[in-house]
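Input: a single structure, listed below in structure tokens.
The values are calculated or read from the model by the stated rules, or taken from the named source; none is laboratory data. All of these numbers come straight from a predicted model, not from anything done at the bench. Cβ coordinates were reconstructed from backbone atoms using ideal geometry, including for glycine residues, and neighbour counts include every protein chain displayed. Note: accessible area is taken over every heavy atom of the protein model, side chains too, but ligands, DNA and RNA are not part of it. Shrake-Rupley method; radii C 1.70, N 1.55, O 1.52, S 1.80 Å.
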Amino acid sequence: MRKLRLAFFGVALLLGFASAALAFAAPAAPSGEVLVVPIEGTVDEGMAHLVQRAVDQANAEHASALVLDVNTPGGLVSAAFEIRDAMFSAKVPTVAYVSQRAYSAGALITLSAQKIVMAPGSSIGAAEPIPNDPKHVSALRAEFASTAARNHRDPVLAAAMVDKSVAAPAYKAAGAILSLTDDEAKRAHIADAIEPTLADALAAEGLRGTLAHADYTWGELLARFATSPEVSGILLTIGVLGLIVEIQTLHGIGGAVAVVALGLFFGTHVYAGFSNGVVIALALAGLLGTLALVAAVVLAFGLAFIFVAVQAISIAIVLSAIVLFLSSRVFPESAFFRRIAFVGVQGPEYVASRDFSDLAGKTGFATSYLRPAGVASIDGRRVDVLTEGDFVQAGSPIRVNRVEGARIFVRPLAEEK
């Protein structure tokens, strides 16, 4: 019995060593899903919300990996900071796949991943801040350098993407901002591999689990959609036209449409992180002045996107001018101005002044003193008359010199003699 126990123990020990050897030789693939997060378009707070939710989901569900599918020209640096911090809090492997470009804020997001895979023809870099004063350049350069160093990449090259004074002679000219092609990024060990598709990139990293895609919520989608320059311009146009229609009709419908459109414009910009509640106060003050309203629109986009704000304002002005011209043809009268201006309405009881033109040249006499106004009898009719400034005694003979509407001008016959 003792020999049998020793035999079983030996077999178990042998199987244990064999299992350990196999485990070290070929580690098992993670069993969770691969969560893919789209990093496309402008980097904003809506995107930051999405990434934070995805990281929390990946941590809670023990995902195999969290993958960023990157194609962005950049955006809000503050949102990029939030995404970077969220990526650092991930408890699962993180991978960034650059399908086309990762510029500006997108470059920082890409560098925050543990592994970077780039597609052929893609590029990364060009992260000079706006404004590019020494304070902002210094702060962002430190963020790029520390992010790269944390994931064992060259911090100097990362800093050169922000600060043109950083030397990287092998990859850029002096005084230029660093941008790397896929081959250059691979050679500089910024990128770990070059793969034509996301599926190939996942296979190269040994990630063969089921793909799950993180989706935006309705609120995040609405914020991202409404903050684009084209849609922002349309919302501003609808808001301005709604105010104009309300002035024309005073029915309340145009005003309600204006409130909804302008509320959607400013609310989505605040939600997306481009601005804060100050622009709402400026917008309300804008009711008292156009300059304040323009300032609110510019600040709603953020000073870094002032040219985008000008584009949206230009769209709104042009469309509003066109529609205002057309509406003035269709609605020539304004209910608003009818309320603040006196407009006499002639009813059926209205009687116009009598026509005295037939009295011109006729004679008569003053029945009262004319000082110069008074009463006279002309052609047997008692009428109110005026002299040219002369004083005429009652009973004096007079002649009608001229008639202007209801006014009858007379002169003494003694002057004619």
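More than 34 Å from the chain's Cα centre (by Cα), in contact (Cβ under 8 Å) with a residue 12 or more places away in the chain and open to solvent by less than 10 Å² (accessible area, probe 1.4 Å): does that describe Ala160? Considered against the rule, which asks whether it is more than 34 Å from the chain's Cα centre (by Cα), in contact (Cβ under 8 Å) with a residue 12 or more places away in the chain and open to solvent by less than 10 Å² (accessible area, probe 1.4 Å), Ala160 comes out as no. Scanning region 64-112 for residues that are over 27 Å from the mean Cα position of the chain (by Cα), of a type in the set (Val, Ile, Thr) and under 13 Å from Thr147 (Cβ atoms) gives a single hit, Thr94. Tell me yes or no: at least one residue of region 1-24 is among the polar types (S, T, N, Q), at pLDDT below 90 and either closer than 30 Å to Ser179 by Cβ or not in a helix (DSSP H, G or I) (or both). Checking region 1-24: not a single residue is among the polar types (S, T, N, Q), at pLDDT below 90 and either closer than 30 Å to Ser179 by Cβ or not in a helix (DSSP H, G or I) (or both).
Which members of region 227-241 meet the condition of being surrounded by fewer than 20 Cβ atoms within 10 Å (Cβ to Cβ) and more than 13 Å from Ile313 (Cα to Cα)? Listed by number, the list is empty, since nothing qualifies. Note on region 351-417: enclosed strands (runs of 3 or more DSSP E) holding 2 or more residues that are surrounded by 15 or more Cβ atoms within 10 Å (Cβ to Cβ) and out of contact with any Ser or Thr (no Cβ under 8 Å at 6 or more places or on another chain) are 381-387. Here Arg224 clears all of (1) of a type in the set (Lys, Arg); (2) modelled with pLDDT of 85 or more; (3) part of a helix (DSSP H, G or I) except the condition numbered (2). Per the listing Pro169, Pro196, the residue uniquely under 30 Å from His62 (Cα atoms) and part of a loop (DSSP other than H, G, I, E, B) is Pro196.
When Gly106, Gly121 are screened for being touching a residue at least 24 places away in the same chain (Cβ under 8 Å), touching a strand residue (DSSP E or B) at 6+ places or on another chain (Cβ under 8 Å) and open to solvent by 10 Å² or more (accessible area, probe 1.4 Å), only Gly121 passes. Taking first residues from region 167-178 that are closer than 18 Å to Asp154 by Cα and touching a residue at least 24 places away in the same chain (Cβ under 8 Å) and partners that are open to solvent by 50 Å² or more (accessible area, probe 1.4 Å) and of a type outside the set (Ser, Thr, Tyr), the Cβ contacts under 9 Å between residues at least 6 apart in sequence or on separate chains come to Ile177/Glu128; Ile177/Lys164; Leu178/Lys164.
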